[in-house]
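Here's the structure we're looking at; comments come further down.
The values are calculated or read from the model by the stated rules, or taken from the named source; none is laboratory data. Just so we're clear, the structure is a prediction, and the values are computed from it rather than from any experiment. Here the Cβ positions follow ideal geometry from the backbone for every residue, glycine too, while neighbour counts run over all protein chains shown. The protein model used for the area step is the full one, side chains on, heavy atoms only, and it has no ligands, DNA or RNA in it. Shrake-Rupley method; radii C 1.70, N 1.55, O 1.52, S 1.80 Å.
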Amino acid sequence: MKARHFVHTAVSIGSRLLSSLVLFVLLARLLGPTDFGHFTFAFGVSVLAALIVDFGFAGFLLREVGVDASRAAALVQTSFWAKLWLAAVYAVSAAVLLPLAGDAMPLSLTAPLFVAAGLASFADFFIAPLRGMARYAREAAIVTSSNVMALALGAGAALAYGTPQAVAWALLAARAVYLVIAWRAAAATVAGFTLAVPSGTSAWQTLSRVWPYGVDGMLTTAWSQLDVVLVRLLFGAQAVGLYAAGQKIVQGAASLIPVIGNVMIPSLSRMVGGGAPGMRGAMLRTVAALAACGVVFGLPLLLFPVALAVLLYGAEFAGVGHLLPVFGALLIVRFAAAGTGIVATASGFQKKRVAVQIGGMAAFLALVAVVWVAGLEVRAFIGAYIVAMAAIGAAYARLWWKPPNERRPTTACCANH
């Protein structure tokens with residue numbers, strides 16, 4: 001990986017941190033604990049629902065284009081129409097179910113958030129081929145501009161109007177612009193780019209290829225949003241506002257994970273496919289880099305929890321301080337697990353990743369049930385998250401870290417994928 005690629009990636013990282021951390025910190029201050037809790041709950045539900053249309057297409061394109069860039073146009077074309085069918089399912093489901101949600105998620109808040117989530121999914125879809133083709137500079141420019149726009153519009157709406165609904169409409173506008181820019185960039189970069197109806201390949205055939213990425217992507221995203229929904233259901237509206245404040249710090253730091261994955265997966269995939277020398281060292285360096293990032297982000301939460309809570313969110317959120325040490329431990333474990341997961345994906349173990357994710361989610365939900373039945377507090381809920389994430393990371397590592405006499409040949413791995 002050339003030095004300038006890392007510079008471009010660092011720019012993308014900074015913009016993602018701004019959108020996922022700084023924006024939510026500002027929203028917490030401007031909206032207050034109650035409205036911030038309502039917003040984050042509706043936002044989390046919209047992101048979870050958008051998994052229907054996401055279905056792992058971005059990850060699929062990232063790896064497949066990284067392996068063979070000459071197939072980029074055909075992959076984008078067939079995947080787009082399969083994704084469009086899922087978008088129709090998403091739209092119909094939202095139109096039927098959202099009016100039934102009632103006061104917990106008013107339509108004036110959920111409707112723009114659901115549309116924004118769908119638009120962001122298609123924008124990420126068009127960005128994926130750029131990453132797979134190592135167009136990091138163009139990707140960094142697009143991602144940075146879109147995230148800065150979301151930050152400015154979202155914070156501006158909160159400051160001007162002071163309502164979660166205003167913020168939701170502002171994010172919708174930002175995502176619409178992001179989609180247009182991403183689509184134009186893909187059309188200009190991918191040779192032979194077309195969105196015409198493909199001949200000879202049905203949407204069902206495409207979905208049958210993408211489903212391991214889709215299920216894995218659903219479960220991966222669920223880890224970042226399902227917890228807010230569960231805390232709201234189990235501990236109430238007041239608790240979710242404080243929990244979400246701490247969780248957004250974790251999410252802001254964790255936005256680094258997919259950026260590193262987007263950079264490393266194509267290059268590691270090429271090394272695995274060609275049996276390149278130094279492949280195993282590159283894998284270990286990837287895991288070590290992710291683990292080190294987790295320590296860098298997690299230690300301040302462990303050492304200065306109350307001071308950070310008050311500094312970031314103000315005195316109203318001082319209660320977040322007793323949660324931050326547990327969130328710090330979660331960050332460290334989550335980054336380490338992500339490192340092993342990135343290598344597992346690059347090594348062609350996507351279907352087995354799905355099995356690991358399903359097992360991990362089942363274990364997490366079982367532990368959450370124990371927390372609820374025992375009447376434990378929110379910190380125990382985060383502890384359940386940590387245990388499940390550690391188990392997932394260990395299972396990922398087991399997929400590719402095997403003794404020489406048990407290891408699958410890398411060519412067979414990729415051929416079977």
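Each residue in region 66-84 was checked for being part of a helix (DSSP H, G or I) and surrounded by fewer than 16 Cβ atoms within 10 Å (Cβ to Cβ), and 4 pass. Taking (1) surrounded by 16 or more Cβ atoms within 10 Å (Cβ to Cβ); (2) among the hydrophobic types (A, V, I, L, M, F, W, C); (3) more than 30 Å from residue 377 (Cα to Cα) in turn, residue 204 satisfies each apart from (1).
Go through the residues of region 236-247 one by one and say whether even a single one is among the hydrophobic types (A, V, I, L, M, F, W, C), within 19 Å of residue 342 (Cα to Cα) and either open to solvent by less than 30 Å² (accessible area, probe 1.4 Å) or at pLDDT below 80 (or both). Looking through region 236-247, none of the residues is among the hydrophobic types (A, V, I, L, M, F, W, C), within 19 Å of residue 342 (Cα to Cα) and either open to solvent by less than 30 Å² (accessible area, probe 1.4 Å) or at pLDDT below 80 (or both).
Can you confirm whether residue 177 is open to solvent by 20 Å² or more (accessible area, probe 1.4 Å), without any contact (Cβ under 8 Å) to a residue 60 or more places away in the chain and among the β-branched types (Val, Ile, Thr)? Here the answer is yes, as residue 177 does meet what is asked. One residue alone among 137, 158, 120 is within 17 Å of residue 40 (Cβ to Cβ), touching a helix residue (DSSP H, G or I) at 6+ places or on another chain (Cβ under 7 Å) and open to solvent by 10 Å² or more (accessible area, probe 1.4 Å), and that residue is 120.
Evaluate region 54-65: report whether one residue or more is surrounded by 23 or more Cβ atoms within 10 Å (Cβ to Cβ), under 21 Å from the mean Cα position of the chain (by Cα) and either closer than 27 Å to residue 164 by Cβ or without any contact (Cβ under 8 Å) to a residue 40 or more places away in the chain (or both). Checked region 54-65: at least one residue is surrounded by 23 or more Cβ atoms within 10 Å (Cβ to Cβ), under 21 Å from the mean Cα position of the chain (by Cα) and either closer than 27 Å to residue 164 by Cβ or without any contact (Cβ under 8 Å) to a residue 40 or more places away in the chain (or both). Of all residues being of a type in the set (S, T, N, Q) and under 18 Å from the mean Cα position of the chain (by Cα) in region 347-397, which is modelled with the highest pLDDT? Just the residue, please. Checking each candidate, the answer is 357. Scanning region 216-235 for residues that are among the aromatic types (Phe, Trp, Tyr) and either over 19 Å from the mean Cα position of the chain (by Cα) or buried (at least 24 other Cβ atoms within 10 Å of the Cβ) (or both) returns a single hit, 235. Looking at region 96-125 only, could you name the residues that are small (Gly, Ala, Ser) and either under 30 Å from residue 187 (Cα atoms) or in contact with a Pro (Cβ under 8 Å, 6 or more places away or on another chain) (or both)? Scanning region 96-125 gives 111, 116, 117, 118, 120, 121, 123.
Looking at region 182-203, which of its residues are in contact (Cβ under 8 Å) with a residue 40 or more places away in the chain and within 21 Å of residue 134 (Cα to Cα)? Break it down into steps so the answer makes sense when it comes.
Step one: filter region 182-203 for residues in contact (Cβ under 8 Å) with a residue 40 or more places away in the chain, giving 182-183, 185-186, 189-198, 201, 203.
Matches in region 182-203: 182, 183, 185, 186, 189, 190, 191, 192, 193, 194.
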